[in-house]
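The values are calculated or read from the model by the stated rules, or taken from the named source; none is laboratory data. In this text, all values refer to a predicted model and were calculated from it rather than measured experimentally. Counting neighbours? That spans all protein chains shown, and the Cβs are built from the backbone with ideal geometry, glycine included. Surface accessibility is based on the protein's heavy atoms, side chains included, excluding ligands, DNA and RNA. Shrake-Rupley method; radii C 1.70, N 1.55, O 1.52, S 1.80 Å.
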Amino acid sequence: MNALEAILKRKSTRAYKPEQISEDALEKILKAACASPVGMARYDTLHITVVQNEDMLVRIFDEAEEDLFKAIGIRKNMNFGAKTVIIVSSAPAYREGVEYAHAGIIIENMVIAATSMGIDSVILGGPIAAISHNEALKSELGIPAGFEPLLAVALGYGSDETPVKEHTISINRV
Ligand SMILES: Cc1cc2nc3c(=O)[nH]c(=O)nc-3n(C[C@H](O)[C@H](O)[C@H](O)COP(=O)(O)O)c2cc1C
């Protein structure tokens, strides 16, 4: 599958089989992450955490549910059963907001690499606040001091055939 095919085939998958991705696939996905462009080449301001520990995955999503409930009074299960979650964290970038661009690019590189290998994914912003609000959890996840989690991705094999959706973004040409 070429890059354009993978980009067009990508979709968010929200139900997973209890099957782990292979170490080889994980290595390739992490290689794609590290190949991401980063402004001013400040790779030292970024950190990637791979979570495959079952208890930790349950804890993250339980805390996320509680955190959301406390914030807006709505309960939402964010755990789709994927056995790998990868979190991108950043120290403050040279300009405010640039760190979010970095995280988005790194996550998308991983998602496209995963898609090209037949691995399903969903980008997760939902659980980030719960991790960010919990210093103990951040430390147990090995997120370096001074870094904040910004975006995550769940990876695995979908248990249903989610169709690829067509989206449009308004475009003008000058
Ligand atoms: C920054 C960002 C955060 C997202 N957070 C979540 C999330 O927390 N939970 C979720 O189910 N999907 C999340 N998504 C996935 C979007 O809902 C999804 O990409 C969008 O609905 C388009 O559907 P598609 O990915 O299937 O094309 C997120 C996507 C992005 C880019």
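All conditions but one from (1) open to solvent by 70 Å² or more (accessible area, probe 1.4 Å); (2) farther than 25 Å from Lys31 by Cβ; (3) at pLDDT 95 or above apply to Glu161; the one that does not is (3).
Which of the following residues is modelled with pLDDT of 95 or more and under 17 Å from Thr45 (Cα atoms): Ala82, Ala101? Outline the logic, then answer.
Details: Ala82 fails: under 17 Å from Thr45 (Cα atoms).
Going through Ala82, Ala101 in turn, just one is modelled with pLDDT of 95 or more and under 17 Å from Thr45 (Cα atoms): Ala101.
Only a single criterion out of (1) open to solvent by 30 Å² or more (accessible area, probe 1.4 Å); (2) on the phi < 0 side of the Ramachandran plot; (3) in a loop (DSSP other than H, G, I, E, B) is not satisfied by Ala101, namely (3).
Cβ separations smaller than 8 Å between residues 6+ apart or across chains give the following pairs from segment 1-24 residues that are at pLDDT below 95 to residues that are hydroxyl-bearing (Ser, Thr, Tyr) and open to solvent by less than 40 Å² (accessible area, probe 1.4 Å): Met1/Thr115.
Scan segment 130-151 residue by residue and report those that are out of contact with any strand residue (DSSP E or B) (no Cβ under 9 Å at 6 or more places or on another chain) and surrounded by 16 or more Cβ atoms within 10 Å (Cβ to Cβ).
To start, the set of residues in segment 130-151 that are out of contact with any strand residue (DSSP E or B) (no Cβ under 9 Å at 6 or more places or on another chain) comprises 130, 133-137, 139-140, 145-146.
Residues satisfying the conditions are Ala130, Asn134, Leu137.
For segment 43-60, the set of residues classified as closer than 13 Å to Ala152 by Cβ and assigned to a strand (DSSP E or B) consists of His47, Ile48, Thr49, Val50, Val51, listed by residue number. Please work out if Gly118 is within 12 Å of the ligand (Cβ to nearest atom) and either open to solvent by 40 Å² or more (accessible area, probe 1.4 Å) or in contact with a Phe, Trp or Tyr (Cβ under 7 Å, 6 or more places away or on another chain) (or both). So Gly118 fails the test.
Quick one: would you say Pro92 is more than 12 Å from the ligand (Cβ to nearest atom), in contact (Cβ under 8 Å) with a residue 24 or more places away in the chain and either farther than 23 Å from Glu135 by Cα or loosely packed, with under 12 Cβ neighbours inside 10 Å (or both)? Before you say what the answer is, go through the steps one by one.
Numbers: more than 12 Å from the ligand (Cβ to nearest atom): yes; in contact (Cβ under 8 Å) with a residue 24 or more places away in the chain: yes; either farther than 23 Å from Glu135 by Cα or loosely packed, with under 12 Cβ neighbours inside 10 Å (or both): no.
So Pro92 fails the test.
Out of segment 4-39, which residues are more than 13 Å from Gly118 (Cα to Cα) and β-branched (Val, Ile, Thr)? Residue satisfying the conditions is Val38 alone. Look through segment 159-174, keep the residues that are more than 11 Å from the ligand (Cβ to nearest atom) and in contact (Cβ under 8 Å) with a residue 24 or more places away in the chain, and return whichever of them is farthest from Ile21 (Cα to Cα). Taking the candidates together, the pick is Asp160.
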